[in-house]
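All remarks here apply to the structure that follows.
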Amino acid sequence: MTPLKAAKEHCANYQSDGSCLGIAFRDDLSMYPFRKEGLPCLLRNCEACPYFEEIVLPQVSPSVAEQYRKSLPADAVTSVRPQRAIKLCPDCRKREVESRKRYCATCAKVRKRKSKRQHMREKRGLAVEKTEISPIGAQTLTKAEITTGYHHPKTSISDASFSTGEGIAQAALEDGESIDTAEQAVAQ
């Protein structure tokens with residue numbers, strides 16, 4: 001719909017011959033003429049009409065207001081402002097995001113709670129991810145055999161298997177070495 005069609009349908013001042021009554025209302029609802037009666041409608045000549053801007057434009061779609069603003073000359077004084085673009089939240093794609101914000105208030109709150117939970121898990125040392133297919137994790141779950149002490153259970157623990165100082169001295173004596181070399185071996 002063009003601004004002129006909107007004026008034909010919704011403007012009380014627009015006459016069937018294309019002229020304008022030129023009557024407006026004050027805040028106390030008293031009438032006053034804003035232009036001379038019988039002159040052609042200002043929208044026909046692409047001029048700004050204060051009555052149209054104040055009364056008709058709020059009733060029609062924003063696209064009509066945009067067309068009206070674009071049809072006016074660059075130096076025309078008007079109260080119609082260009083519409084700002086609406087930025088939607090990238091998370092939910094439902095709510096409008098305020099200026100200088102990244103997410104809507106609801107999504108921002110959810111993201112902040114999630115971030116705090118993750119931070120506290122890391123701080124407490126609980127941020128270990130579970131691995132279902134890890135061969136090490138599977139082995140620890142299936143092989144629950146607990147071994148204590150010496151790590152080779154098949155090997156027997158005897159005096160001869162350890163190399164202590166006394167064992168070395170005794171072995172030296174058996175081999176026929178002197179007591180002095182055996183004592184030196186113990187000292188080492």
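Throughout, read-outs are computed from the coordinates displayed, never taken from laboratory work. Remember, it's a predicted structure, so these values are computed and weren't measured experimentally. Using ideal geometry, Cβ is built from the backbone for each residue, glycine included, and neighbour counts are taken over all protein chains shown.
Which of the pairs K87/K109; K94/K123; K87/K112; K87/K116 have their Cα atoms more than 28 Å apart in this structure?
K94/K123
Per the Debye formula with a single identical scatterer at each Cα and no solvent contribution, what log10 I(q)/I(0) holds for the stretch 3-71 at q = 0.13, 0.21, 0.24, 0.28 Å⁻¹?
Debye intensities relative to I(0), on a log10 scale: -0.33, -0.86, -1.10, -1.37.
If packing is taken as the mean number of other Cβ atoms within 10 Å per residue, what is the order of 97-108, 46-57, highest first? Before the final figure, lay out the partial values.
Details: 97-108: 13.7, 46-57: 18.2.
Those peptides, ordered most packed to least, come out 46-57, 97-108.
How far apart, in nanometres, would the label points at R100 and M1 be if each is projected 7 angstrom from Cα along the Cα-to-Cβ direction?
In this crude label model, R100 to M1 measures out at 3.8 nm.
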